[in-house]
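Asker: This is the structure, below, for whatever I ask next.
The values are calculated or read from the model by the stated rules, or taken from the named source; none is laboratory data. The shown structure was predicted, so the numbers you read here are calculated from the model rather than taken from an experiment. Cβ: placed from backbone, ideal geometry, glycine included. Neighbour counts: every protein chain shown. The area values use the complete protein model at the heavy-atom level, side chains included, leaving out ligands, DNA and RNA. Shrake-Rupley method; radii C 1.70, N 1.55, O 1.52, S 1.80 Å.
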Amino acid sequence: MSARARVWVIVLHYRTWRETEDCVRSLLQSDYPRLRVLVVDNGSADGSTDELCARLPAEVQFLTLPSNVYYAAGMNAGIAWVKQRDPSCSLLLVLNNDTLADPGMLSQLVQASVQQPDAGIIAPVIYFASQ
């Protein structure tokens, strides 16, 4: 694994465009240069995906599912989408849309994957934000 591997972050979205926008914007502030973001709309049908498309930069990709298939199937659809379009991708991060990422998180995760090449899963430390 290279310290400059491309990382796809898959964000699952369902109806709460403001949370999803905040999550994606926090990812886009990452210090990691080879980041790609896919927002998977889990069948929202409320116009929130249109709102996100209008508000987020063009480099953010979208996959719209016809109905809410819930967490696992929604993430699996996103993973399949990435693997089909970017077969050489070896690093994926899956996030709920109510997550905010520290700017250094991806760099730390990629570095951990370089240091532990046999690890199947690497996860960040998660803190709960005060309301």
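Asker: Quick check, is residue 95 in contact (Cβ under 8 Å) with a residue 60 or more places away in the chain, open to solvent by 30 Å² or more (accessible area, probe 1.4 Å) and of a type outside the set (Phe, Trp, Tyr)? Can you show your working first?
Answerer: Numbers: in contact (Cβ under 8 Å) with a residue 60 or more places away in the chain: yes; open to solvent by 30 Å² or more (accessible area, probe 1.4 Å): no; of a type outside the set (Phe, Trp, Tyr): yes.
No; evaluated as a whole, the condition is false for this residue.
Asker: Among the numbered conditions (1) aliphatic (A, V, I, L, M); (2) at pLDDT 95 or above; (3) within 27 Å of residue 128 (Cα to Cα), tell me where residue 54 comes up short.
Answerer: Condition (3) is where residue 54 drops out.
Asker: Return a yes/no flag: does the range 57-67 have any residue that is under 24 Å from residue 29 (Cβ atoms), part of a helix (DSSP H, G or I) and modelled with pLDDT of 95 or more. Before you say what the answer is, go through the steps one by one.
Answerer: Looking only at the range 57-67, we keep the residues that are under 24 Å from residue 29 (Cβ atoms), and these are 57-63.
Checking the rest, the ones that are also part of a helix (DSSP H, G or I) come to none.
Within the range 57-67, none of the residues are under 24 Å from residue 29 (Cβ atoms), part of a helix (DSSP H, G or I) and modelled with pLDDT of 95 or more.
Asker: Another one. From the list 25, 55, 15, pick out the single residue that is more than 16 Å from residue 74 (Cβ to Cβ), open to solvent by 60 Å² or more (accessible area, probe 1.4 Å), of a type in the set (D, E, K, R) and in contact with a helix residue (DSSP H, G or I) (Cβ under 8 Å, 6 or more places away or on another chain).
Answerer: Working: 25 fails: in contact with a helix residue (DSSP H, G or I) (Cβ under 8 Å, 6 or more places away or on another chain); 15 fails: more than 16 Å from residue 74 (Cβ to Cβ).
Of the residues listed, the single one that is more than 16 Å from residue 74 (Cβ to Cβ), open to solvent by 60 Å² or more (accessible area, probe 1.4 Å), of a type in the set (D, E, K, R) and in contact with a helix residue (DSSP H, G or I) (Cβ under 8 Å, 6 or more places away or on another chain) is 55.
Asker: Is there any pair with a first residue in the range 73-91 that is of a type in the set (Val, Ile, Thr) and a second that is open to solvent by less than 80 Å² (accessible area, probe 1.4 Å) whose Cβ atoms are under 8 Å apart and which are 6 or more apart or on different chains, and what are they?
Answerer: 79/10; 79/92; 79/94; 82/8; 82/10; 82/38; 82/89; 82/92
Asker: Still on this structure: List pairs: first in the range 38-57 and within 20 Å of residue 93 (Cα to Cα) and in contact (Cβ under 8 Å) with a residue 12 or more places away in the chain, second small (Gly, Ala, Ser) and open to solvent by 10 Å² or more (accessible area, probe 1.4 Å), Cβ under 7 Å, 6+ apart or cross-chain?
Answerer: What qualifies is 40/77.
Asker: Kindly indicate the residue of the range 25-68 that is among the β-branched types (Val, Ile, Thr) and over 13 Å from residue 106 (Cα atoms) and also nearest to the chain's Cα centre (by Cα) among those meeting that condition. Lay out the reasoning, then the answer.
Answerer: Of the range 25-68, the ones among the β-branched types (Val, Ile, Thr) are 37, 39-40, 49, 60, 64.
Filter once more, so that each one left must be over 13 Å from residue 106 (Cα atoms): 39-40, 49, 60, 64.
Details: 39: 7, 40: 9, 49: 15, 60: 10, 64: 14 Å.
Ranking the qualifying residues of the range 25-68, first place goes to 39.
Asker: Here is a further query. Could you figure out which of (1) farther than 18 Å from residue 74 by Cβ; (2) in a loop (DSSP other than H, G, I, E, B); (3) out of contact with any Ser or Thr (no Cβ under 8 Å at 6 or more places or on another chain) isn't true of residue 46?
Answerer: Going through (1) farther than 18 Å from residue 74 by Cβ; (2) in a loop (DSSP other than H, G, I, E, B); (3) out of contact with any Ser or Thr (no Cβ under 8 Å at 6 or more places or on another chain) one by one, residue 46 breaks only (1).
Asker: Right, something else. Condition (residue is part of a loop (DSSP other than H, G, I, E, B) and either surrounded by fewer than 18 Cβ atoms within 10 Å (Cβ to Cβ) or acidic (Asp, Glu) (or both)) applied to the range 73-86: is it met by at least one residue?
Answerer: At the first step, the residues of the range 73-86 found to be part of a loop (DSSP other than H, G, I, E, B) are 86.
Narrowing the set further to residues that are either surrounded by fewer than 18 Cβ atoms within 10 Å (Cβ to Cβ) or acidic (Asp, Glu) (or both) leaves 86.
Yes, the range 73-86 contains a residue that is part of a loop (DSSP other than H, G, I, E, B) and either surrounded by fewer than 18 Cβ atoms within 10 Å (Cβ to Cβ) or acidic (Asp, Glu) (or both).
Asker: Considering (1) touching a residue at least 40 places away in the same chain (Cβ under 8 Å); (2) within 21 Å of residue 28 (Cβ to Cβ); (3) in a loop (DSSP other than H, G, I, E, B); (4) open to solvent by 30 Å² or more (accessible area, probe 1.4 Å), say which one residue 117 fails and leave the rest.
Answerer: Unmet condition: (2).
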